[in-house]
1. Given the condition farther than 25 Å from PHE31 by Cβ, without any contact (Cβ under 8 Å) to a residue 24 or more places away in the chain and surrounded by 15 or more Cβ atoms within 10 Å (Cβ to Cβ), answer yes or no: does some residue in the stretch 129-144 qualify?
2. Which residue out of ARG324, ARG338 is farther than 18 Å from GLY260 by Cα, among the basic types (Lys, Arg) and either surrounded by 13 or more Cβ atoms within 10 Å (Cβ to Cβ) or without any contact (Cβ under 8 Å) to a residue 12 or more places away in the chain (or both)?
3. Being among the basic types (Lys, Arg) and touching a strand residue (DSSP E or B) at 6+ places or on another chain (Cβ under 6 Å) is the filter here; which residues of the stretch 146-173 pass it?
4. Which one of these does PHE81 not meet: (1) closer than 22 Å to LEU168 by Cβ; (2) touching a Lys or Arg at 6+ places or on another chain (Cβ under 9 Å); (3) among the aromatic types (Phe, Trp, Tyr)?
5. Does ALA314 satisfy being surrounded by 12 or more Cβ atoms within 10 Å (Cβ to Cβ), free of Cβ contacts under 8 Å to residues at least 24 places away in the same chain and not hydroxyl-bearing (Ser, Thr, Tyr)?
6. Exactly one of these conditions fails for ASP182: (1) in contact with a strand residue (DSSP E or B) (Cβ under 7 Å, 6 or more places away or on another chain); (2) modelled with pLDDT under 90. Give me its number.
7. For MET295, indicate whether it is in the same structural domain as ARG336 (by TED's automatic domain parsing), within 24 Å of VAL230 (Cα to Cα) and touching a Pro at 6+ places or on another chain (Cβ under 8 Å).
8. Take the residues in the stretch 176-200 that are in contact (Cβ under 8 Å) with a residue 60 or more places away in the chain and within 16 Å of the ligand (Cβ to nearest atom); name whichever of them is farthest from ALA78 (Cα to Cα).
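The values are calculated or read from the model by the stated rules, or taken from the named source; none is laboratory data. Keep in mind that what you see is a predicted model, and the values were worked out from it rather than measured. Cβ placement follows ideal geometry from the backbone for every residue including glycine, while neighbour counts extend to all protein chains displayed.
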Amino acid sequence: MAAVTLRGVRKSFGRFEVIHGVDLDIRDGEFVAFVGPSGCGKSTLLRLIAGLEDLSDGDLSIDGALVNDLPPARRGIAMVFQSYALYPHMTAYDNMAFGLTLSRTDKRTIEERVRAAARLLQIENLLERKPRDLSGGQRQRVAIGRAIVREPKVFLFDEPLSNLDAALRVQTRMEIAKLKEDLRATMIYVTHDQVEAMTLADRIVVLNAGRVEQVGSPLDLYHRPRNRFVAGFIGSPAMNFLEVAVVTAEAGAVTIALPGGATLRIPVDGAPPPAGTRLTLGVRPEHVGVAEQGMPATVLAVERLGGETHCHVALEDAQRMLVRMEGDIPISAGDRLRLNLRGETAHLFDDVGQRL
Ligand code: ATP
């Protein structure tokens, strides 16, 4: 059971606390991604789990054992860094074998494990090369291979794909997905790439300023963000937010007034707030339709991506929205549109940003 448990984990650098009491239960064999804005503490949290930083407070367990005071080498973890961290004077083979050689594993076992990992990563023909003679993608595969041969209980990845170009990133992402299926080990993955988090992770942990905002499956976070922060962070392009007011409230739904005069009925989970309450309406750009009837809007700017068209619009009351349309749509700045929103794909947030 290589579960990873954090209880009340805090971390300060000098007088500044950057992790403010994090509780997390990562299950055996689970792939968990840490996401959040720059500086929110993703890497620090990963380094605490790795043992590269000491906890300021709280408890950390791996595989049921408290590891607060264990050095990295004795935690049963292996870490893959953005920078690969390979020894330049060693061949790919020796880089992969290095940790096992240090721990005095016998030569035959080392050879078997290195060859098996190389096969899995399709780098068998590169083992005699030094890092300088490998491409970025190949170097990262060697670094991943070095982690695999140690047969860790937990893999830790710190933005492993961010130094790769777009095409290689897609390919290596697919390889990590396959690795996840083949190894079925616990994996914790820090990324600022939404697509990586959404496609690889069983669950995503959204961090903000050293706190956990929400933990959930990728689609759970997309469809049911707990608050405005998660709603705005998950999804690309980002969710639109509009200031609106409640017209009528009933059990299980709220009707709001949209800019331009129309109304929209939106199902809510909690107690609906009374008429007149100011709320924030959240609508994803892909959930705004163009219709005969609907909210009037004027096109401000158009971005054509070929397969889709992003249209920036201004509403009657000057609030702005982004509309994402399928295909290459013949539309230009100054055009007038009518926009159609659906209550089932809209979200409402109260004055402190909690979803209703
Ligand atoms: P990014 O996405 O930019 O890599 P991150 O979410 O991984 O960011 P961290 O690197 O964990 O963020 O940093 C969290 C906070 O802790 C930041 O404010 C950072 O400046 C601070 N910090 C990190 N390491 C140290 C350190 N060794 N000494 C002082 N402050 C640090």
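1. no
2. None of the other options fit; the residue is ARG324.
3. If the condition is that a residue be among the basic types (Lys, Arg) and touching a strand residue (DSSP E or B) at 6+ places or on another chain (Cβ under 6 Å), then ARG150 is the only one that fits.
4. (2)
5. yes
6. Unmet condition: (1).
7. Considered against the rule, which asks whether it is in the same structural domain as ARG336 (by TED's automatic domain parsing), within 24 Å of VAL230 (Cα to Cα) and touching a Pro at 6+ places or on another chain (Cβ under 8 Å), MET295 comes out as no.
8. Restricting to residues being in contact (Cβ under 8 Å) with a residue 60 or more places away in the chain and within 16 Å of the ligand (Cβ to nearest atom), the top hit is GLN194.
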